[in-house]
Amino acid sequence: MGLFDKKFTIVVACKANITRSAYLHGYMTQYLKEHYPYARKKVAIKSAGVRARRGSSANSVVKHVARIHGFSLGNHRSDPFSNKLIKNADVILVMEQWQKDELLERFPKAADKIFRMMEYLWHDDPKDIRDIPDPTGQSTADFEEFIEAAHAEVERIFRELCREGVI
């Protein structure tokens, strides 16, 4: 890539940017390093919250889960959406339909780049697309369900981006 080539920018988002999108930001970054090391110069991963306050650290449970999976969220700080972030994003992946609706209302010109995570590059039955529920304050089983869904979606999305020649 040349000096001025723009990276393909993926923004993962949830409500407050302290649990799901914080975890996915870290996991996607780690996944790229491990499985597509050449793509680190082609892809940028960012995260934000639809209703985030700037500067909050990641949820303590999700920090622990991240450590178990080999990466740290110790430096994560929440970030709200901004016009600049929306403009620079190539794709914005939200966890739930209400988040997509809210972003579409606030940033209607970005309609072509806002998707629920499972919608993005989905080629199977649309009836199988679902929200990724928030495990914050829930049981271990809820966190395990989130992690399983998050990992499966990251693998699927990067496989599709590779197939499309983005990475």
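The values are calculated or read from the model by the stated rules, or taken from the named source; none is laboratory data. Quantities reported herein were computed from a predicted structural model and do not represent experimental measurements. Reconstructed Cβ throughout: ideal geometry from the backbone, glycine too, with neighbour counts over all protein chains shown.
Within region 123-167, which residues are surrounded by 16 or more Cβ atoms within 10 Å (Cβ to Cβ) and polar (S, T, N, Q)? Don't jump to the end; show me each part of the working.
Taking region 123-167 as the starting set, the residues that turn out to be surrounded by 16 or more Cβ atoms within 10 Å (Cβ to Cβ) are 131-132, 134-136, 143, 146-147, 149-150, 153-154, 156-158, 161, 166-167.
Result: Thr136, single match.
Can you pull out the residues in region 89-101 that are crowded, with 17+ Cβ neighbours inside 10 Å and under 22 Å from Arg53 (Cβ atoms)? Let's see the steps before the verdict.
Quick first cut of region 89-101, residues crowded, with 17+ Cβ neighbours inside 10 Å only: 89, 91-96, 99-100.
Matches in region 89-101: Ala89, Ile92, Leu93, Val94, Met95, Glu96, Gln99, Lys100.
Tell me, which residue of region 74-88 that is in a loop (DSSP other than H, G, I, E, B) and more than 14 Å from the chain's Cα centre (by Cα) is surrounded by the fewest Cβ atoms within 10 Å (Cβ to Cβ)? Don't jump to the end; show me each part of the working.
Our first condition is that a residue be in a loop (DSSP other than H, G, I, E, B); within region 74-88, this holds for 74-79, 81-82.
With the extra rule that they be more than 14 Å from the chain's Cα centre (by Cα), the set shrinks to 74-75, 77, 82.
Numbers: Gly74: 11, Asn75: 8, Arg77: 15, Ser82: 12.
My answer is Asn75.
Among the listed residues Lys33, Lys46, identify the single one that is out of contact with any Phe, Trp or Tyr (no Cβ under 8 Å at 6 or more places or on another chain) and under 26 Å from Ile129 (Cα atoms).
Details: Lys33 fails: under 26 Å from Ile129 (Cα atoms).
Of the residues listed, the single one that is out of contact with any Phe, Trp or Tyr (no Cβ under 8 Å at 6 or more places or on another chain) and under 26 Å from Ile129 (Cα atoms) is Lys46.
Could you list all residues from region 109-167 that are within 28 Å of Ser82 (Cβ to Cβ), among the aliphatic types (A, V, I, L, M), in a helix (DSSP H, G or I) and in contact (Cβ under 8 Å) with a residue 12 or more places away in the chain? Before you say what the answer is, go through the steps one by one.
Filtering region 109-167 for residues within 28 Å of Ser82 (Cβ to Cβ) gives 109-122, 129, 131-137, 146, 149-150, 153-154, 157-158, 160-161, 164, 166-167.
With among the aliphatic types (A, V, I, L, M) added as a condition, the list becomes 110-111, 114, 117-118, 121, 129, 132, 149-150, 154, 157, 161, 166-167.
Subsequent filtering for residues that are in a helix (DSSP H, G or I) retains 110-111, 149-150, 154, 157, 161.
Hits for region 109-167 are Ala110, Ala149, Ala150, Val154, Ile157, Leu161.
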(request) Identify, from the list Tyr36, Tyr23, Tyr31, the residue that is aromatic (Phe, Trp, Tyr) and in contact with a Cys (Cβ under 8 Å, 6 or more places away or on another chain). (result) Tyr36
(message) For region 39-51: of the residues being in a loop (DSSP other than H, G, I, E, B) and modelled with pLDDT of 95 or more, which is nearest to Ile92 (Cα to Cα)?
(response) Val50
